[in-house]
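K.L.:
Pasting a structure below so you can have a look.
The values are calculated or read from the model by the stated rules, or taken from the named source; none is laboratory data. Computed from a predicted model, the values in this text were never measured in an experiment. Methodologically, a virtual Cβ is constructed for each residue, glycine included, from the backbone with ideal geometry; neighbour enumeration extends over all protein chains shown. The protein model used for the area step is the full one, side chains on, heavy atoms only, and it has no ligands, DNA or RNA in it. Shrake-Rupley method; radii C 1.70, N 1.55, O 1.52, S 1.80 Å.
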Amino acid sequence: MRIIHAADLHIDSQFDGLSAALSDHAAADLISGATRSAFRALVDWALVEQPDAMVLAGDIFDGAWKSTGTRRVFLSGMTDLADAGIPVFMASGNHDAESVLLHDVVYPDSLHVFPVHEPRTFELPDAGLAFHGQGYATPAVEHSLAREYPAPLPGLVNVGVLHANVGATAGHRNYSPCTADDLRALEYEYVALGHIHGRREFVDGDRVFAAYSGNLQGRSARETGAKGALMIDFADPTRPDLMFRPLDVLRWEFLDVEAATDASVDDVLDAVAVEHSRARDRHAGTPLVLRTRISAMPALAAQLRVDGDFAEQVRDVTTGSLLEKVTFTSLESDEIGPPVDAELRAEVQAAAASLTPADVTELLAEVRMRARGPLKGSEIDLSSGAYLASVIERAGEDLLSHLSVESSGGDS
Ligand SMILES: [Mn+2]
């Protein structure tokens with residue numbers, strides 16, 4: 001007996017943090033359609049594998065319906081699964097809580113949606129399975145839903161479906177908070193979890209009793225690596241076997257390139273090419289969206305930062321991937337930077353210091369307005385004083401590094 005476990009599909013969600021550098025139309029189409037394509041890949045995988053059931057552990061949708069297309073895509077997948085005799089058991093999460101979605105659509109009978117005001121058990125006696133779950137009535141569920149989950153049914157393999165933060169995982173909303181011990185105490189054969197986007201297993205000795213499948217499709221540079229769903233095999237119900245299947249249609253990768261102290265521009269390009277080729281090998285065939293961080297000695301870092309040709313060359317050596325962003329950091333060193341006229345330096349620093357948060361807000365608001373469609377600048381937080389202060393500081397530093405490079409160029 002086997003089930004597929006997926007969670008956090010976030011169908012039709014926007015992608016965070018993509019810069020306007022991704023203006024390529026084919027790339028933009030691939031990205032904006034990625035969560036739908038990954039959902040379709042999930043359905044197609046199930047049609048091939050013919051599991052006894054599929055469970056979806058919350059955040060299937062990203063929020064209020066963005067278009068009728070979202071529902072159509074989901075309904076079409078559910079209908080195909082119904083036609084293949086694969087039932088689906090689905091609980092809502094904080095993103096698709098009952099209060100934000102309109103359930104004005106008729107789904108096939110084989111789609112079972114857990115209620116949101118109390119837990120419910122769906123039995124699948126022919127397959128020997130029972131599914132226990134509860135969805136979110138509102139986006140913020142502050143109490144533990146697991147606490148009220150029913151006792152396991154004897155003679156069946158019991159599967160919990162739960163959207164929750166287990167163990168107060170940092171960086172995630174602490175919704176339906178519970179501990180791994182709370183889940184083990186349910187005495188189910190397996191708890192299918194959603195909410196945390198990284199894959200994670202909870203084990204008792206060598207027995208997995210609960211797991212996060214992670215999300216189906218990475219959506220930002222914070223979600224690097226392969227994303228997909230789990231196949232849980234209960235051939236030995238006391239020891240479920242988990243198999244991860246990547247289903248994402250594009251993948252975020254982070255290239256970290258540290259230049260040697262005596263590196264030239266060409267050396268840096270070679271190093272980027274090597275890291276890129278390794279990443280391509282790791283993710284054979286899956287399109288990559290790259291963030292690249294180049295660490296170099298201060299003078300070289302400053303030179304590369306302002307060198308337009310260099311950006312173009314980096315693009316060339318990463319051909320076949322989408323280069324979303326390149327950042328430069330200076331390695332710690334005693335190196336003395338190229339000279340900048342002291343008077344000029346003081347003027348630049350004064351100019352940067354005299355920029356007010358209001359000036360910066362205005363400038364950034366325009367940048368944000370020009371970003372279109374799925375290319376959303378979530379990193380631009382205009383309400384954060386600390387963020388605005390950091391922008392002002394960086395503006396001053398960038399300008400000074402321009403001046404350093406220009407003055408050193410003039411000397412030679
Ligand atoms: Mn969630």
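K.L.:
Amide H neighbours of Val157 under 5 Å, at least 5 residues apart or on other chains, H built in the peptide plane: list them.
P.N.:
Correct list: Leu129, Ala130.
K.L.:
Can you put Leu304, Leu364 in order of accessible area, largest first, using a 1.4 Å probe?
P.N.:
Leu364, Leu304
K.L.:
So, one more: Estimate the FRET efficiency between Glu343 and Ala82 by the formula 1/(1 + (r/R0)^6), using the beta-carbon distance for r and 60 Å for R0, to the nearest 0.05.
P.N.:
0.20
K.L.:
Separate question: Provide the per-residue ³J(HN,Hα) series for segment 284-294, in order, calculated from phi with Karplus coefficients 6.51, -1.76, 1.60 and θ = phi - 60°, each as a whole number of Hz, with x at glycine and proline positions.
P.N.:
2, x, 7, x, 10, 10, 10, 10, 10, 10, 10
K.L.:
With a cap of 16 neighbouring Cβ atoms within 10 Å, and only residues DSSP puts in a loop, list the trypsin sites (Lys or Arg not before Pro) found in segment 199-275.
P.N.:
Arg222
K.L.:
Please work out the average accessible area per residue across segment 119-207, using the 1.4 Å probe convention, and give it in Å².
P.N.:
It amounts to 45 Å² per residue over segment 119-207.
K.L.:
So, one more: Counting only protein heavy atoms and a 1.4 Å probe, tell me what percentage of segment 2-246's accessible area is made up of carbon and sulfur.
P.N.:
C and S atoms contribute 50 percent here.
K.L.:
Also: Using a 7 Å offset from the Cα along the Cα-to-Cβ direction at both Ala168 and Arg282, what is the distance between the two label points in nm, to one decimal?
P.N.:
3.2 nm
K.L.:
If you don't mind, there's one more thing I want to ask. How large a share of the accessible area of segment 250-337, in percent, is made up of carbon and sulfur atoms when the probe is 1.4 Å and the other protein chains stay in place?
P.N.:
Carbon and sulfur together cover 46 percent of it.
K.L.:
Using a 1.4 Å probe on the protein heavy atoms only, what accessible surface does Ile392 show? Give it in Å² to the nearest 10.
P.N.:
Looks like 20 Å² after rounding.
K.L.:
Can I ask one more? Using modelled backbone amide H atoms (1.01 Å from N, in-plane), which distant-in-sequence or interchain residues come within less than 5 Å of Phe89's amide H?
P.N.:
Amide H neighbours of Phe89: Met54, Val55, Leu56, His112.
K.L.:
For His5, His197, write out the residues from largest to smallest accessible area, computed with a 1.4 angstrom probe and no ligands counted.
P.N.:
His197, His5
K.L.:
When all protein chains stay in place, what accessible area (Å², nearest 10, 1.4 Å probe) is found for Asp307?
P.N.:
Approximately 50 Å² for this residue.
K.L.:
Right, next: Short version: ³J(HN,Hα) in whole Hz for each residue of segment 39-50, in order, from phi by Karplus 6.51 cos²θ - 1.76 cosθ + 1.60 (θ = phi - 60°), x for Gly and Pro, what are they?
P.N.:
Calculated HN-Hα couplings, in order: 4, 5, 5, 4, 5, 4, 4, 4, 4, 6, 7, 6 Hz.
K.L.:
Accessible area per residue of segment 229-307 at 1.4 Å probe, in Å²?
P.N.:
45 Å²
K.L.:
Would you kindly derive the ³J(HN,Hα) couplings of segment 226-243 from the backbone phi angles with the Karplus curve 6.51 cos²θ - 1.76 cosθ + 1.60 (θ = phi - 60°), listing them in order in whole Hz, with x for Gly and Pro?
P.N.:
With the stated coefficients, segment 226-243 comes to 5, 10, x, 9, 10, 9, 9, 9, 9, 3, 10, x, 7, 8, x, 9, 9, 10 Hz.
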